[in-house]
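Below you'll find the structure, written out as structure tokens, and then a few comments.
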């Protein structure tokens, strides 16, 4: 079998720490940069590969999902909690993990 060269195209050249979780949604490719806490999109109709930052948190951003009937709103697993991200304000924390004091082992 002869190896075949496959052309590759660099779509986004950015300073990402750990970009993951990409998904197509509403004509755009949305992904998170986990360690930097950023939510980023690439628009299908933009004609360029210029990413646009949708949100940035002061905590790792693990995953997002769109909120039904709320354009540009995302439910996010971030840090040790769950937050609602919107285009017009800071994150609204819906739940956070509270640590209980450790009890001695039996």
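One decimal place: the segment residue 68-residue 50 gains 3.9 nm when fully extended, by the rule 0.36 nm per residue minus the C-alpha distance.
Among 74, 93, 24, a tally of other beta-carbon atoms within 10 Å of each Cβ gives an order, fewest to most, of 24, 93, 74.
Just so you know, all these numbers are worked out from the coordinates, no wet-lab data involved. Everything numeric in this text was worked out from a predicted model, so none of it was measured. Neighbour counts are summed over all protein chains in view; Cβ atoms, including those assigned to glycine, are modelled from backbone coordinates with ideal geometry.
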